[in-house]
Every structure is written in structure tokens, then in C-alpha cells.
1. In deg cm²/dmol, rounded to 500, what helix-only [θ] at 222 nm does chain B give when every DSSP H run of at least 4 residues adds -39500 (n - 2.57) and the total is split over its residues?
2. With charges only on Cβ, +1 for K and R and -1 for D and E, what is the dipole size of the protein assembly as shown about its Cα centre, in debye, rounded to 20?
3. Suppose we take every Cα in the range B:115-248 and form the convex hull; what volume per residue is that in Å³?
4. Go through the range A:476-556 and name the chymotrypsin sites (Phe, Trp or Tyr not before Pro) that are in a DSSP coil and have 16 or fewer other Cβ atoms within 10 Å of their Cβ.
5. Grab the eigenvalues of the alpha-carbon gyration tensor for the range A:147-286, scale each by 5, take roots, and send me the semi-axes largest first in whole angstrom.
6. What dipole magnitude, in Debye to the nearest 20, does the range B:1-65 give about its Cα centre under +1 on Lys/Arg Cβ and -1 on Asp/Glu Cβ?
7. Which value, in Å² rounded to 10, gives the accessible area of residue B:110 with a 1.4 Å probe and all protein chains present?
8. Counting only protein heavy atoms and using a 1.4 Å probe, what share of the accessible area of the protein assembly as shown belongs to carbon plus sulfur, as a whole percent?
Amino acid sequence: MSTNHIRNFSIIAHIDHGKSTLADRLIEYTGTLSAREMEEQVLDQMELERERGITIKAQAVRLEYTAKDGQTYMLNLIDTPGHVDFTYEVSRSLAACEGALLVVDAAQGIEAQTLANVYLALDHNLEIIPVINKIDLPSAEPERVRHEIEDIIGLDASEAVLVSAKSGIGIDEVLEAIVKRIPPPRGSDSETLQALIFDSHFDPYKGVIAYVRVMNGRITPGMKIRMMATERTFEVTEVGIFRPRLTNIAELGPGQVGFIAASIKNVKDCRVGDTITDAEKPAAKPLPGYRKVTPMVYCGLYPVESSEYESLRDALEKLKLNDASLVFEPETSVALGFGFRCGFLGLLHMDVIQERLEREYGITLITTAPSVIYRVYKTDGEMLEIDNPAKMPPPQEIDHIEEPFVKATVIVPNEFVGAVMELSQEKRGEFKDMKYLETTRVMLTYHLPLSEIIYDYFDRLKTVSRGYASLDYELVGYQESRLVKMDILLNGEPVDALSVIVHRERAEYRGRQLASKLREIIPRHMFEIPIQAAIGNKIIARETVRAYRKDVLAKCYGGDITRKRKLLEKQKEGKKRMKQVGSVEIPQEAFMAILKMD
Amino acid sequence: MKIGLYVHIPFCRCKCLYCDFPSYAGCEAVYEPYTAALCREIAGKGGLFSHGTDTVYVDTIYIGGGTPTLLSGHCLEAIFETLCAHWRIERHAEISIEANPGTVDFNKLKMLRSLGVNRISFGIQSFDDRLLRVLGRLHSASEALQAVKMAKDAGFDNLNIDLMYGLPEQTVGDWRQTLAIAIDLDVPHISAYGLKIEEGTPFFTRQKRGEISLPPEEEDEAMYDWVTEYLPAQGLVRYEISNYAKPGFECRHNLKYWRYRPYLGLGAAAHSFWNGRRAANISSIREYIGKVQSGEGPEAGWENPEKDEAMAEFIFLALRTAAGLKHEEFKRYFGVDFGQRFAAEIIQLETKGLLTKNGQSVKLTPLGMKLGNMAFAAFIPDKP
């Protein structure tokens with residue numbers, strides 16, 4: 001098949017705007033899967049993805065479509081994650097395409113996340129086809145959305161396709177638009193092999209399966225290939241396509257999207273964004289855009305049962321096989337014992353990993369509050385990168401501290417602009433820009449400390465805008481801030497896993513809040529437990545958990561023992577997730593308390 | 001084989017404000033049909049148990065409620081006749097009945113005595129009229145005193161009175177006074193229960209609305225401390241967390257619950273424990289009558305606790321008693337060495353000062369009794 005009959009495209013959409021449903025309809029309409037094989041959200045295979053209705057890993061599928069011109073086209077749909085944590089994966093998926101469907105909800109309009117991804121797509125020079133979805137909703141305003149697309153993004157939306165993915169309206173028009181408007185891939189058969197890795201997964205029998213888009217040349221089983229960034233060489237064992245299940249074929253040529261297996265044992269050797277070339281006749285230059293993904297958020301993961309430490313390590317290693325962006329190294333905490341400091345792309349990524357560890361590997365975890373990486377400049381001129389508050393050097397050795405800042409873009413109806421500005425100010429934001437997207441919607445740009453974003457900015461944003469605001473952010477660099485380490489002492493003993501880094505001016509307030517939250521969370525013991533927040537030796541807040549005085553079931557009425565046992569079972573259940581630190585039993589949620597304050 | 005029988009009479013003249021037991025007021029019309037159904041269940045089960053290979057002897061009977069003494073002499077007679085006709089009751093069996101002051105006169109007490117009842121338990125709760133009103137009790141302190149005296153005159157020398165502390169508006173002083181009056185009455189057994197506000201009771205609703213003020217924890221604790229100190233000093237030994245008796249007057253029926261011995265429950269909402277199986281009768285009176293009449297059987301549900309659950313039950317019941325848990329008995333029931341199986345829990349609780357052990361047994365310390373739930377919970381198996 002010549003490249004003229006290939007179309008490679010992605011779908012860009014805000015969460016809930018109907019990306020997965022549209023993908024399902026395209027698969028169904030082209031007969032790629034029979035109705036029986038069709039499950040909702042075919043592309044979101046991970047159990048968690050289905051439950052949360054989100055896409056975490058990029059996926060791909062090949063559709064065969066006979067267009068109205070009578071010719072059969074090979075359409076490769078490359079699904080992209082929709083969350084800011086996975087921006088880099090989105091960017092690599094887009095790099096594998098020539099076009100993208102921009103799906104916008106006919107009732108909701110454009111959101112910040114969509115905008116960010118559209119700009120990414122425009123950066124990659126993709127042809128963008130606006131698709132206005134959910135047109136059969138009573139609240140649908142396709143005309144308003146059409147104008148929004150034109151005004152905000154500057155795209156010609158006069159030929160936007162109006163669809164309802166749910167009811168199957170307009171699916172054929174989408175397919176025609178893909179064929180007519182998205183350019184076929186360019187690329188040459190005669191040039192040496194260059195293939196972009198846009199995703200991978202680990203198969204226990206075949207090793208790493210790399211998802212690739214061939215730019216130039218061909219790739220066949222038996223061929224020796226080289227990963228240009230890692231410089232590792234492998235022999236290809238299988239090549240194939242996604243239908244959407246992996247199906248072997250003889251070769252992948254220019255413009256094609258598919259997978260290769262090459263007995264690659266470690267995902268580290270097969271990084272997303274890297275270029276595969278012919279080991280015997282390597283390309284002069286890799287494809288542009290590769291970068292090593294670096295985690296933005298770190299937290300400690302500890303097993304509640306210290307005997308599960310080994311299982312936790314095994315589980316993390318298994319997850320890492322599929323997720324090169326997950327990093328971890330062993331750490332020890334005085335309070336929590338042996339565990340791991342783990343780095344994540346963002347909070348969602350962290351949540352997902354934690355949940356998979358608990359659900360798929362059955363490990364009960366204690367997670368410490370997430371931290372960003374601080375740059376600590378010591379008086380002796382040394383610079384330390386600190387990802388764990390417990391590792392902060394003593395104050396007298398610190399000259400100054402820098403923390404990461406992000407450029408945050410918020411799109412919000414204009415009646416909430418005041419509230420959002422107030423919130424951003426409170427979160428130490430620096431106002432950068434404000435633009436009216438249309439008469440009723442405003443785009444605000446702030447520079448904010450990343451730590452505030454992971455703390456509670458997003459939740460608060462949702463609250464102050466009654467759920468209407470959408471947020472996107474990207475790292476802009478490090479800035480100096482007046483930061484201090486705040487320690488928490490329980491029963492007079494510092495609990496290292498509860499230490500946090502806070503802005504000096506807010507320390508007292510946070511300290512009081514945290515101490516009072518901990519008083520609610522920590523159960524009563526046989527003795528009184530003082531809770532103190534301290535900066536250095538200075539106590540800035542104090543609360544007390546009162547001692548248990550009396551706790552006993554007075555009566556076993558009429559021989560109803562079962563009921564008593566059930567009551568005791570409840571009491572016991574509550575203790576399960578507690579970690580004994582010194583003489584105090586601390587519930588798991590205490591370590592995340594800093595995030596759960598108003 | 002010896003067993004206890006529990007017979008439930010689910011009627012009260014008026015529902016107390018703290019009560020979540022299966023008992024109903026204003027059902028006078030069903031006293032007779034209920035008695036008839038109850039007798040049918042007593043007879044049927046009696047037949048079943050008397051025809052087994054093992055001879056079953058009844059060595060305790062407990063008629064509880066509710067207020068069993070609300071039933072007419074005629075109904076009570078029918079119940080006892082049926083019991084005697086269909087069960088082998090030991091000559092020296094303990095036969096208890098619960099009563100409320102104001103529901104018995106001298107003649108009824110005489111009659112109960114003549115039916116073979118040899119232990120009576122009065123729900124007195126307090127000797128303070130103000131607190132009795134707070135609880136929604138129908139009797140006064142003087143009626144309570146009178147009832148106890150009448151019972152003694154009628155020939156009851158094995159008497160219990162139930163008392164409660166931690167009541168709304170109650171002070172340590174009030175509680176001391178009630179206990180002093182109880183001692184003056186010279187009864188051989190006192191049960192002293194801390195009030196627990198249960199869901200679904202009027203107290204629960206009022207507490208949620210902030211309409212009742214319970215004593216502060218310190219005060220509640222002081223009341224607990226006082227009763228545990230005062231009654232033993234007066235010769236009433238604390239043989240279970242909430243129960244005090246002169247030696248030889250411990251309630252043999254209730255001891256069966258704590259010692260993991262078999263008992264059968266008869267009547268609506270009655271609980272049974274037999275052969276490791278725990279069962280409960282249906283609690284609705286109407287349904288109970290219907291099921292018994294139709295011959296269907298009144299059992300509403302049952303379970304066979306798993307071994308680890310059964311062990312936990314054995315442990316927390318045994319630990320309620322002053323005698324504690326005897327290694328030998330545990331081994332006899334479960335074929336497991338308690339000290340080995342629960343070594344970690346024992347050490348942990350010992351360190352906390354909640355448990356003490358010697359070669360033969362393990363028991364709660366005074367602190368352990370006060371924080372009993374903490375000790376009990378340690379033996380509850382982890383749910384997967």
C-alpha cells in the first residue's frame with residue numbers, strides 16, 4: 001500500500017468530551033471489530049482507565065476504511081492521554097501523526113486542557129479537524145462552540161463536523177474528513193530507517209513491545225536495529241499492527257504505524273520519543289523532540305507491614321517495566337522504616353501507581369505527602385536537590401532555597417474571574433495575563449509554585465468556580481522562595497515522615513491547621529498525645545489527643561454474641577492501616593493530612 | 001449434657017428512652033397468642049432435644065424481656081408447665097425471671113416462687129426519681145425499694161438489681177447515693193451498666209439534636225471507678241466486667257454466655273448457641289407467632305463462625321470474667337494452645353498493662369477491664 005492511502009491521526013479532547021466514545025464508534029463503523037468484540041472504550045484496556053474514564057497509556061488502532069471515492073484507506077488512530085501529567089506522551093503521539101481530530105463538547109466548549117493539546121498539535125504542524133460532539137444534547141450550542149474554536153484557536157471551523165458519538169450521528173463524515181483533509185504521510189522507502197517510538201508495553205514472553213511510527217525506510221523481522229538515544233542494538237523478532245489486538249505482519253513501511261518486538265528486556269532501553277534506526281546503516285540524525293522524562297512529584301511509599309517491603313519492590317519493578325517515567329529508590333524513615341522514594345509525572349500518575357500497587361499487588365501502603373524537588377543552596381556553595389523534606393539540611397547551613405514554578409493557564413467563565421484571581425494570589429501566584437476568549441469566558445495566566453498546585457490549588461479552583469474552571473500548566477523554571485521545613489512532633493518525638501516544606505509566612509497557619517487535622521485523625525490512646533508543629537526548635541502550634549478513659553461494652557444482652565463480635569471487628573478494621581511510630585499508632589491518612597485541609 | 005434456656009418475653013408497659021432491646025409496648029392483645037406460640041416452641045424444641053442420643057439436662061432457665069412479669073399468672077403458669085413437661089430440668093436448676101418495680105405485687109411474687117422461680121432480677125437503674133424520669137422509667141425509687149422488700153418476703157433470697165451510670169445529668173454524687181441505697185437493701189447481686197446510647201433510640205435522636213448532656217468523660221470514669229471500688233468493699237465480688245455478687249450468688253445462666261457453654265433461646269428475638277452454631281429467632285412478634293403456628297420454625301438467621309472467629313468469641317467472652325481464660329479449657333474446645341497461638345497479642349497487651357497471666361490462665365487487669373474493647377479487638381481475626 002502506498003503512503004497515499006495511509007492517514008495517521010490522533011484525537012484531542014478534554015476529559016468527558018467524548019474521545020473514547022468517538023474512537024469506539026470509528027472502530028465499530030469500519031468493522032475493525034465485530035459487534036460481539038466491541039466493548040465500550042475498547043482502547044482503554046487497563047481496568048483503572050475504564051473505571052476512571054480516562055486514558056493513561058497511549059494506544060493505537062488500525063482501521064480499514066473504504067471511502068466514498070471507492071478506495072480503501074488505512075487509518076491509524078493513535079489515542080492520547082488527556083491529562084496534564086502525561087503531556088510528554090501526548091506530544092510523542094502527536095509527533096507520529098499528520099492530523100488530529102479536535103473533539104469539543106457542544107455544550108461545554110473549549111477547556112484549558114484541550115487548548116494545551118491543540119497548541120501541541122499545531123507545534124507539530126498537524127492538520128486539525130474540529131469535531132463538535134454531543135450535538136443531540138438539549139443544551140448543545142454548536143454555533144457558539146464553532147465561534148469559540150475560531151476565536152480562541154484561530155482555526156477555520158466552518159467545516160467542523162457535527163457529531164454525536166453516543167448516538168452514532170456523523171461518524172461517516174468524520175471518516176471522510178480524515179481521508180480528505182489529513183495529508184498522507186511523507187517519507188521515503190529508499191532512505192535509511194527512522195521510526196519514532198511513541199509508546200511501549202512489556203510482554204512477559206516477548207519483552208518490550210515498542211509502538212512505532214515509521215518515518216522513512218522499512219522494518220522487518222530479523223533486522224538489526226539501534227535505539228539512537230540509548231545506543232542499544234537489538235534484533236527484530238516480530239512486527240505488526242494494532243487491530244486493536246496485536247497482529248503480526250511481514251513489514252512496516254514508511255508512514256505506517258505498528259509495533260515491533262525485539263527481545264528487549266527493559267523499558268529503559270526503549271524510551272518513548274527515541275528513534276529506531278538500522279544498526280548496519282544508521283540514520284545521520286535522530287528524529288527531533290526526544291527528551292528524558294523527569295518526574296515532577298515525589299513521595300515516599302512504605303508498606304504498612306514491614307514484611308511486605310520485598311513485595312513492594314517487586315511490584316514497583318513490574319510496574320516500571322511498563323512505565324519508564326516511574327522512578328524509585330529505597331529510602332528509610334525513622335518513623336516508617338524501609339520504603340521507597342518514588343517520582344511521578346504528577347498527582348494523577350501518583351494516584352494511579354498507588355492504586356495499582358494496592359489493587360493489583362495487594363500491598364497496603366502508607367504514602368507520605370507529595371513533594372516537589374527543591375534546590376537548596378548551602379552557605380558552603382553546594383547545591384542540593386531535595387525531594388524529601390526529611391533530608392533538608394539544618395537551617396544554619398542554608399543560604400537560600402529555590403522551588404519549581406509553573407505557568408498555569410486557567411479558562412473560566414467571567415463571573416468567577418475574581419475568585420480565581422484571589423485564589424491564585426493566595427497561592428503565591430504572579431499574575432501574567434488575562435484574555436477574553438469571548439464575552440463570557442476568560443483565560444488567565446499565572447506563574448505559580450508547583451508545590452501549591454500539588455497542594456490543593458486544583459481542588460480549590462474547582463470549588464471557587466463551581467467546577468467550571470479548567471487548568472493546564474507547564475514548568476517554567478526555579479525561583480527563590482522563603483521556605484522552611486516544618487516538623488511535626490507526636491508525644492514529643494519528631495515524626496520525619498510528617499515533615500513538610502512550607503512558605504515562611506504561612507508556616508504558623510499551616511502548622512495550626514495540620515496539628516488540628518492530626519488531632520482529628522489520630523485515634524485516642526491509653527495516654528495523652530501532644531501534637532506539635534515546629535520550625536527548628538520553635539513550637540508554632542500545639543494540639544492534644546486526649547487519652548482514652550473507658551472503653552468497654554457494658555453488656556452482652558441475651559446471649560447475642562455475634563453482634564458484639566461485629567462491633568469489635570469494626571474497631572479492629574480501623575486499626576489495620578495504622579503504623580506504629582514509637583508508642584503512637586498513626587493512621588495512614590495522617591501522612592496525607594497536609595493535603596486534606598481547607 | 002447440660003444447657004441453659006433463655007425465654008424471651010418481648011413486652012413492656014412503656015419503652016424506656018435508652019432501650020434498643022427487642023421489646024414492644026402496647027401489645028396487650030397479643031400476650032395470649034404469644035404465650036401460646038412460645039409454649040408450642042418450648043414443647044417442640046423440648047421434644048427434639050429430649051429424643052437425642054445425648055440426654056440433655058437444663059440447669060439454668062432465664063426468663064428475660066422486656067418485662068416478663070407483665071404476663072398474667074395464667075400465661076406464666078402455662079409457660080412453666082410446658083417447660084416442665086417437655087424438658088428435663090435439674091432439681092437444683094437456677095430459674096431466673098426479670099421484673100420491673102410496679103409490675104409485681106406480693107401475690108404474683110408468691111406465685112412465681114411456687115412455680116419454681118428461685119432468682120429474680122429487678123430493673124431498677126437508679127434510686128433517684130429525677131434520673132428515673134430522665135430515663136423514661138415508669139417506677140419511682142420508693143416503688144423499687146418496696147418491690148425488693150416484697151420479693152424477699154415472698155421467699156426470694158437470690159435477687160439481682162440492675163443499676164445504670166453515666167446517665168444524662170447524673171453526677172458521681174448521685175451514683176454514690178444510689179449504690180449506698182443498694183447496699184442498704186442487702187441484695188446478693190448487682191449489675192452495674194454504663195449507659196451506651198444506641199442508634200434508633202429516642203436518646204440517640206436527642207443526643208444528635210444536642211438535647212441531652214451526658215456527664216463529661218472524667219465524671220463518667222469516676223462513676224466507673226467508684227462502683228468497681230465500692231461494691232467489692234461491701235462484699236460483692238466483681239466476677240464480670242459489669243456484675244457483682246456475694247460468693248455463691250453469681251448468675252449461673254449468664255456465666256454460660258461468658259464460658260462458651262450451650263444455651264437455647266426460645267421466643268421472639270431469642271439467641272441460641274449450640275454445637276458451635278449461633279442462631280437467632282425472628283424479632284417481630286407477629287411474624288414469630290405466624291411462623292410457629294404454621295410449623296415453619298421461628299429461626300431468622302444463623303451462622304457457624306469460622307474457627308478463628310469462634311476463638312475470638314471464646315476469648316473476649318472469657319476475658320469479661322474475673323476468672324479470665326483458662327488455657328486448659330481453650331485447648332479442650334479448639335485443640336490449640338492459647339499461649340502459643342496468641343503469643344504476640346498477649347505480650348502486646350501485657351506491655352500495655354491490660355492483661356496478666358499465670359500458668360493456668362490469662363485475665364484482664366483492672367485497667368484492662370476498663371479498656372476492655374482494646375484488649376478484645378486484639379484477638380479479632382484480620383479480614384482479608
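1. -12500 deg cm²/dmol
2. Around 2680 debye, computed over the protein assembly as shown.
3. Dividing the Cα hull volume of the range B:115-248 by its residue count gives 121 Å³.
4. Sparse-neighbourhood loop chymotrypsin sites (Phe, Trp or Tyr not before Pro): A:527.
5. Those come to 34, 18, 15 Å.
6. 40
7. 100
8. About 48 percent, which is the carbon plus sulfur part of the accessible surface.
The values are calculated or read from the model by the stated rules, or taken from the named source; none is laboratory data. These figures come from a predicted structure and were not determined experimentally. Don't worry about glycine lacking a Cβ; one is built from the backbone with ideal geometry, like all the others, and counts go over all protein chains shown. Note: areas computed on protein heavy atoms with side chains; ligands, DNA, RNA excluded. Shrake-Rupley method; radii C 1.70, N 1.55, O 1.52, S 1.80 Å.
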